[in-house]
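Data first, discussion second: the structure below is written as structure tokens.
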């Protein structure tokens with residue numbers, strides 16, 4: 001497995017543990033259907049939370065969460081729609097980002113961003 005895949009996998013493990021320690025129920029990890037993929041699908045209270053995990057070995061090139069740009073957000077929204085259709089889930093939906101920075105000599109830095117973005121119906125709402 002390539003090093004960046006190992007880094008991503010470790011980040012997802014740490015993110016799952018973080019969520020569970022904070023009262024979330026992890027329902028799915030690396031959920032896939034056709035071309036849709038969701039890193040983590042979790043539940044807390046009456047909400048379904050789609051979590052995108054971004055992991056880096058340093059913050060040399062900026063915070064990992066900055067990599068979740070418009071195109072990726074659109075893919076997450078489509079993936080969430082596919083998940084809801086596949087499972088019949090009727091919970092309220094939100095999108096979170098967990099940013100993980102792995103420090104080789106210390107404790108990983110985990111930054112959870114609840115409600116990181118909101119899906120829009122149109123590219124240009126007016």
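The values are calculated or read from the model by the stated rules, or taken from the named source; none is laboratory data. All values derive from a computational prediction rather than experimental measurement. Ideal geometry is used to build each Cβ from the backbone, glycine not excepted, and the neighbour counts take in all protein chains shown.
Kindly indicate the residue of segment 83-115 that is assigned to a helix (DSSP H, G or I) and in contact (Cβ under 8 Å) with a residue 40 or more places away in the chain and also nearest to residue 56 (Cα to Cα) among those meeting that condition.
83
Report yes if residue 62 is part of a helix (DSSP H, G or I) and farther than 15 Å from residue 117 by Cα, otherwise no.
no
Report yes if residue 25 is surrounded by fewer than 16 Cβ atoms within 10 Å (Cβ to Cβ), in contact with a strand residue (DSSP E or B) (Cβ under 6 Å, 6 or more places away or on another chain) and in contact (Cβ under 8 Å) with a residue 12 or more places away in the chain, otherwise no.
When the stated conditions are applied, residue 25 passes them.
Can you name the number of the only condition in (1) exposed (fewer than 11 other Cβ atoms within 10 Å of the Cβ); (2) over 17 Å from residue 111 (Cβ atoms); (3) touching a strand residue (DSSP E or B) at 6+ places or on another chain (Cβ under 7 Å) that residue 58 fails?
Answer for residue 58: the failing condition is (2).
Looking at segment 81-126, which of its residues are closer than 25 Å to residue 8 by Cα, modelled with pLDDT under 90 and either touching a helix residue (DSSP H, G or I) at 6+ places or on another chain (Cβ under 9 Å) or surrounded by 17 or more Cβ atoms within 10 Å (Cβ to Cβ) (or both)?
Matches in segment 81-126: 119 only.
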